[in-house]
Amino acid sequence: MIEIEKELEKDRIIIRIIGEVDASSSIRLDQELSEAIENNNKKILVDCEKLEYISSAGLGVFMSYIQVIEKKEVKFVLYNLSDKVQNVFEILGLDQLLPISSTKEEALQIVNEG
Amino acid sequence: MLSQKAILRISGPLAFLSWLLLLAVNLIIYFGEINQVPSGIPSVIPPALLSIFFLSLVVFFTYQGDKAKRMNLVDVLWRVFVTGLIATIVTILVIFIFVLLGENRLGQNPLFINFLYHLDLAVISVFLVSTFTIYKKLVLYQKSKVLINTWYIFEYGLVVSILLNFFQIEFFDSLFITSFIFFLVLSLYLSVNLKWVAYLSFKEKWKSILLLLLVCLYLYFFLTVLSGFPSEILQVNLVDNVFAATLFIFIFIYSLFSFLVILFNLPTTSVFEQKLKEAVNIQMLSRTIQEKRNESEIHQMFFFSSVSAVFADAAFLESTDERGINRIILKENLSEEQIEEIKDSLASSKVRPLKSAQVPAEQSGIIAKALKYSGFRSLIMLPLVVKEKEIAQLYLLKEVSDGFNDDMQNIITTFANQASISIENSRLLTETVSNERYQKELKIAKEVQKALLPTVLARDPAFEISAFSQAADEVGGDYYDIFKKSDNHYALIIADVSGKGTSAAFHMSQLKGIFQSLSEIALGPKEFLIHANSALGRCLDKRSFITASYYLIDTLKSSIQFARAGHCPTLYFKKLDNKAYYFKNKGLGLGVLRNNQFQNYIQIHELQYESGDVMVLYTDGITESKNDTGEELGYEALKAWVEENAHFDAETIKNRIADTFLEFCGQAPPDDDYTVVVIKFQ
């Protein structure tokens, strides 16, 4: 079960994932991300502070947006990941393709640069 | 006891014989009287013979009636009519002879008149007794104890009255009057038992009316003819006989009552027939519960039963599928456009729920008593509800307003309930069947997939290898394999397809194909993964990926070269340090990047192995498994297990890991596929 909160802050959207992302809840995450990108948000921050667990289906959702983000020139950052969740991203290698930062400030820096 | 056949064979001829004797005796007596020569025959003989005649007739027809038990009601009346007809023809012949002879001497001859009278007496008696036994069946059509007892009093009373003949009672004698009144009352009482009338169809009722009318006419005719004989010269008189007189009056009363009751029942026959049809329809619908019928058959049965039950002028049945799309599947006297118009006008008409005790209000149908539609003024909508979901709606229409009475509403609600149960039953059956088929297919898939994992692992003096793998569902997405490239070169792979179940299993088999074909070519680990990525990238769906590690073992150089494509880091126990390490080299899952950028994210790792070193390959089903309290196993625990058991041979290490793992998981079976491959170097 997950809960997803969205918050518009100036020119950026913050997506907050709360709970566990498994095969069934990943559909919800997919909808939210797709909506954020469709609405032409150019700065997307994903707050993972309360993301407890992510399955391969959840990773698949993030993975499927990598090329879209690149094409649409969206600044996309994940931040506040727990060690365990970060490890999962790292093992698959997603950390090389999606910026991950430890704090919100750092994340803001990434989206605001350039 | 005598058999029925024997009784019939005795009583029939006995009746005939006693009649012949009666005729002979009476003629002799009469002859003697005219010639004043005493015949010497005791006066008790003629009445005794008459009694025997009557009794044997009663016995004969009672038993003959038993033989024809299964006759239908109209056939029974038809028999009465035929017997009456024969009696009438004989009587007419008698009259005809009289007329023919006229003033002729023979016509005036009392002996001859007596002979003719006896002849007529015989046929009329036959008619009376046979009709009596047949009417008995009609009276007792639906028996009650009181009715049966009353009937037997009547019947035995009649037998007793036959015996009264011995006393040659004259008409108006007090005993005659008393017993006659007694029988008259009983006849009246018995004659109200006319339940059989209700079971006649409309056509049968008309036939019966005609036949009964004829029976009354026969009786009148017989009485007239019998009383036309000059009684002063007759030796016996049938009308003076209590038995015969009672039969006359009983048959007349019963025929008359039946005639009147049928006549008054004629207008309501159609209602009764309708009820009968409804009962049959309900029975047919209930039978569909037991039988395996398809839904369209049940729809049809429900539709046409309902239409005929309420005499609907038009109707349609609309089904609602899982996506909520409506489709008209049956219609009568309506066009598609009319149906749309009717539904629109229903929305603007006043409706109220059907009242029925059998279903909760929200599942009951609705009735519009004054529909605002020109062609049809009243409407009933009935839903078919299966598992609390409406699967179809039946619309019944009538041209008149308020055309559906309470009775009709009840009956079609019952129909709807029956049909709903039948459909639910049929669906359950279909579900079970398809579930079984699905299980069978999964079993086949499992067999096929098992064949994809190696059953025998390559053996080499340089290392031992042992593995176990288990899918969470019937089929899984974990894969491992070893391939001997040449005498001293082995390719080894472990992979995990994201997700589980059949789609994962499908990708796993693709991976096996890639592994088998690419391993034959002399490729390095990085090249292998790049090729695999581009091959798999074309067929994986956009949210799926595969993690894999690919190893090349050179036993000659005691070296391992490997690359990691997003797979769990390799666990390596170094004997020299007596410690295990995770190799976290850079990597990226297969299918994550589906372009030539992929190669930039793959790193090759190379190491020299030494005797006693242990390499453990595994999938995340191991490290991410949870115990009963929800704790994740993690990397440290796995590392500790390997360190503890590294001194055993590969088989034992694998077994120990497997045992400890299952112990950790506890009650709940692991919800992901899991695999462990252990290689111990010599």
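Points to keep in mind about this one:
- Residue within segment A:41-60 that is surrounded by 15 or more Cβ atoms within 10 Å (Cβ to Cβ), within 14 Å of chain B (Cβ to nearest Cβ), in contact with a Cys (Cβ under 9 Å, 6 or more places away or on another chain) and farther than 22 Å from A:E113 by Cα present: yes
- Of all residues making up segment B:574-590, the number that are aliphatic (A, V, I, L, M) and in contact (Cβ under 8 Å) with a residue 60 or more places away in the chain: 2
- Only residues that are within 30 Å of B:K575 (Cα to Cα) and within 13 Å of chain A (Cβ to nearest Cβ) were counted in segment B:592-609, giving 2.
The rows are residues; the columns are (1) more than 30 Å from B:S305 (Cβ to Cβ); (2) of a type in the set (S, T, N, Q); (3) not in a loop (DSSP other than H, G, I, E, B).
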{"position": "B:Q393", "(1), (2), (3)": "no, yes, yes"}
{"position": "B:G403", "(1), (2), (3)": "no, no, no"}
{"position": "B:E431", "(1), (2), (3)": "no, no, yes"}
{"position": "B:I465", "(1), (2), (3)": "yes, no, yes"}
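- Just so you know, in segment B:557-574 the residues that are within 11 Å of chain A (Cβ to nearest Cβ) and outside any strand (DSSP E or B) include one that is surrounded by the fewest Cβ atoms within 10 Å (Cβ to Cβ), and it is B:P569.
- Filter result for A:R28 (more than 24 Å from B:G537 (Cβ to Cβ), basic (K, R) and away from every other protein chain (no Cβ under 14 Å)): no
- Filter result (buried (at least 17 other Cβ atoms within 10 Å of the Cβ), among the charged types (D, E, K, R) and under 57 Å from the mean Cα position of the chain (by Cα)) within segment B:525-556: B:R543
- Consider segment A:71-94 and keep the residues that are within 10 Å of chain B (Cβ to nearest Cβ) and not hydrophobic (A, V, I, L, M, F, W, C). The one that is nearest to B:A548 (Cα to Cα) is A:G93.
- The residue pairs whose first member lies in segment B:626-639 and is within 12 Å of chain A (Cβ to nearest Cβ), whose second member is part of a loop (DSSP other than H, G, I, E, B) and surrounded by fewer than 14 Cβ atoms within 10 Å (Cβ to Cβ), and whose beta carbons are closer than 9 Å, counting only pairs six or more residues apart or on different chains, are B:K626/B:A668.
- Residue within segment B:580-590 that is over 23 Å from B:F681 (Cα atoms), surrounded by 19 or more Cβ atoms within 10 Å (Cβ to Cβ) and more than 60 Å from the chain's Cα centre (by Cα) present: yes
- In this entry, A:Q67 is excluded by the filter for residues that are polar (S, T, N, Q), farther than 27 Å from B:K626 by Cβ and either modelled with pLDDT of 95 or more or crowded, with 17+ Cβ neighbours inside 10 Å (or both).
- Within segment B:545-573, residues that are of a type in the set (D, E) have Cβ atoms under 9 Å from residues that are part of a strand (DSSP E or B) in these pairs: B:D554/B:H489; B:D554/B:Y490; B:D554/B:I560; B:D554/B:Q561, counting only partners at least 6 apart in sequence or on another chain.
- Residue check, B:L93 surrounded by fewer than 20 Cβ atoms within 10 Å (Cβ to Cβ) and modelled with pLDDT of 85 or more: yes
- B:K485 vs. criteria in contact with a helix residue (DSSP H, G or I) (Cβ under 8 Å, 6 or more places away or on another chain) and either crowded, with 22+ Cβ neighbours inside 10 Å or closer than 16 Å to B:V448 by Cα (or both): no
- The set of residues in segment B:319-334 being among the acidic types (D, E) and touching a helix residue (DSSP H, G or I) at 6+ places or on another chain (Cβ under 8 Å) consists of B:E332 alone.
- Test: residue in segment B:591-599 that is of a type in the set (V, I, T), in contact (Cβ under 8 Å) with a residue 24 or more places away in the chain, touching a strand residue (DSSP E or B) at 6+ places or on another chain (Cβ under 9 Å) and not in a helix (DSSP H, G or I): yes
- For segment B:192-236, filtering for residues that are of a type in the set (S, T, N, Q), in a helix (DSSP H, G or I) and modelled with pLDDT under 85 leaves 2.
- Identity of the residue in segment A:95-114, within 11 Å of chain B (Cβ to nearest Cβ) and in a helix (DSSP H, G or I), that ends up farthest from A:C48 (Cα to Cα): A:Q96
- Segment B:410-428, subset within 21 Å of B:S319 (Cα to Cα) and among the polar types (S, T, N, Q), residue surrounded by the most Cβ atoms within 10 Å (Cβ to Cβ): B:S422
- Members of segment A:69-105 found to be in contact with a strand residue (DSSP E or B) (Cβ under 7 Å, 6 or more places away or on another chain) and among the charged types (D, E, K, R), listed by number: A:K75, A:K104
- One residue stands out in segment A:61-94 among those that are in a loop (DSSP other than H, G, I, E, B) and of a type in the set (A, V, I, L, M): the one that is nearest to A:N112 (Cα to Cα), namely A:V74.
- Residue match in segment B:513-527 (condition: out of contact with any Cys (no Cβ under 7 Å at 6 or more places or on another chain), closer than 20 Å to B:G477 by Cα and touching a residue at least 60 places away in the same chain (Cβ under 8 Å)): no
- Residues satisfying the stated conditions in segment A:10-60, i.e. outside any helix (DSSP H, G or I), under 22 Å from A:K84 (Cα atoms) and polar (S, T, N, Q): A:S24, A:S25, A:S55
The values are calculated or read from the model by the stated rules, or taken from the named source; none is laboratory data. Because the structure is predicted, anything quoted here is derived from the model rather than measured. Because the Cβ atoms are built from the backbone with ideal geometry, glycine has one as well, and the counts that use them run over all protein chains shown.
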